[in-house]
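Peer 1: Shown below is the structure under consideration.
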Amino acid sequence: MRWKILNKEKPKNHKELVQILLNNRGFTNKKETADFLNPKAPEKLTNKDVGISVRELQKAGKIIFKAIKKQELIVVYGDYDCDG
């Protein structure tokens, strides 16, 4: 992977550094920035918040309940940054 440096000026303080990083991630307004820096608690997320349809959730639920009924093992996998 090649990193592209969008701002070549040295930040003067931590707030300026945070702003540069947010701009590099594409956050351009206060609402996007606030949502990113202050995310909802996981238990308050809806299927729309994470981009999953109700149909997909129902399908996953059926698979999980079937596995439980058959006493199969269930593996939960996630990466280190827990963004999805």
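Peer 1: With the convex hull built on the Cα atoms of the stretch 27-84, state its orientation-averaged projected area in nm².
Peer 2: For the stretch 27-84, the mean projected area of the Cα convex hull comes to 5.4 nm².
Peer 1: Further question on the same structure: State to the nearest 20 debye the size of the charge dipole of the chain about its Cα centre, where the only charges are +1 on K and R beta carbons and -1 on D and E beta carbons.
Peer 2: With Lys and Arg at +1 and Asp and Glu at -1, about 180 debye.
Peer 1: Take F65 and N24, extend 7 Å from each Cα along the Cα→Cβ direction, and tell me the distance between the two endpoints in nm.
Peer 2: In this crude label model, F65 to N24 measures out at 4.7 nm.
Peer 1: Test of understanding: what is the full-extension gain from Q58 to K15, defined as 0.36 nm times their sequence separation minus their Cα-Cα distance?
Peer 2: Fully extending the segment from Q58 to K15 adds 11.1 nm.
Peer 1: Compute the angle between helix 54-69 and the longest alpha-carbon principal axis of the chain, please, reported from 0 to 90 degrees and rounded to the nearest 10.
Peer 2: With both axes taken from Cα atoms, the answer is about 50 degrees.
Quick note: the coordinates plus some simple rules give every number you see, no bench work behind them. Note that the structure is a prediction, hence the values are computed from the model and not measured. With ideal geometry, Cβ positions are generated from the backbone for all residues, glycine too; neighbour counts draw on all protein chains shown.
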